[in-house]
1. For the stretch 1-116, what is the charge dipole size about the Cα centre, in debye to the nearest 20, if Lys and Arg each add +1 at the Cβ and Asp and Glu each add -1 at the Cβ?
2. So which GluC sites (Glu not before Pro) in the stretch 88-164 are both in a DSSP loop and have at most 15 other Cβ atoms within 10 Å of their Cβ?
3. May I ask which of 32/65; 15/82; 32/67; 67/91; 38/65; 15/35 have a Cα-Cα span longer than 30 Å here?
4. Tell me which of 21, 7, 131 sits at the most positive position along the dipole axis of the chain, charges placed on C-beta atoms (Lys, Arg +1; Asp, Glu -1).
5. Per the Kirkwood definition applied to all pairs of different Cα atoms, how many angstroms is the hydrodynamic radius of the stretch 1-152?
6. Could you calculate the FRET efficiency of residue 13 with residue 89 from 1/(1 + (r/R0)^6), where r is the beta carbon distance between them and R0 is 25 Å, rounded to 0.05?
7. Before anything else, pin down the relative contact order of the chain: Cα pairs under 8 Å, at least 6 apart, normalised by residue count, whole percent.
8. Helix-only estimate, please: 222 nm mean residue ellipticity of the chain, summing -39500 (n - 2.57) across DSSP H runs of length 4 or more and dividing by its residues, to the nearest 500.
Amino acid sequence: CHGADGNSPAPANPKLAGQVPEYIAHQLADFKANKERKNPVMFGMASTLSPQDMQNVAAYFGAQKAKDGAARKKETVDLGRKIYRGGDNAKGVPACASCHGLNTGGPVETPALGGQRAEYTAAQLRAFRSGERRNDIYHRMRSAAARLTDAEIEALAAYYGRVR
């Protein structure tokens, strides 16, 4: 699903190559717990993993080289860049760059997003907005995504998808 080197060939699946290992391990644990992050396929895969297995998988994918992304909707990239850099103060949307780097993530809950597949990023933003995905610490992503329009979500996904 994610490719042997972590560069998923499927738009619906995230690229794991070069991702923050702690983030990957944390997501695997959340999938295994099947509470805050539910996915039947990932639950099946993660349910058999020990904590050490999760660390090993995360270290492997984190050490792989991510392939560059490409934006299909280049006309929306400027809006995505604007939100990434400055957010939208009028709507209370913080700059994405305040937590998410392009090539680096941050703490356990903050993945690197540069080069990620736009379809996957948009789907995750919509899942946070709807509350379907709830494994964000301090509800940061749910709060920010709740204030984004569909057009803004598509623009952010396009921006992240084309930069690395």
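The values are calculated or read from the model by the stated rules, or taken from the named source; none is laboratory data. This structure is a prediction, so every number in the text was calculated from the model and none was measured. Quick reminder, even Gly has a Cβ in these numbers, built from the backbone with ideal geometry, and neighbours come from all protein chains shown. All accessible areas refer to the heavy atoms of the entire protein, side chains included, with ligands and DNA or RNA removed. Shrake-Rupley method; radii C 1.70, N 1.55, O 1.52, S 1.80 Å.
1. I would put it at about 360 debye.
2. Here the GluC sites (Glu not before Pro) that fit, given the DSSP loop and packing criteria, are 132.
3. Cα-Cα > 30 Å for 67/91; rest within.
4. 131
5. Details: mean 1/r = 0.0626 Å⁻¹.
Averaging 1/r across every pair of different Cα atoms and inverting gives 16.0 Å.
6. It comes out at approximately 0.15.
7. Computed value for the chain: 27 percent relative contact order.
8. Details: 7 runs with 75 residues, N = 164.
Per the formula, -13500 deg cm²/dmol.
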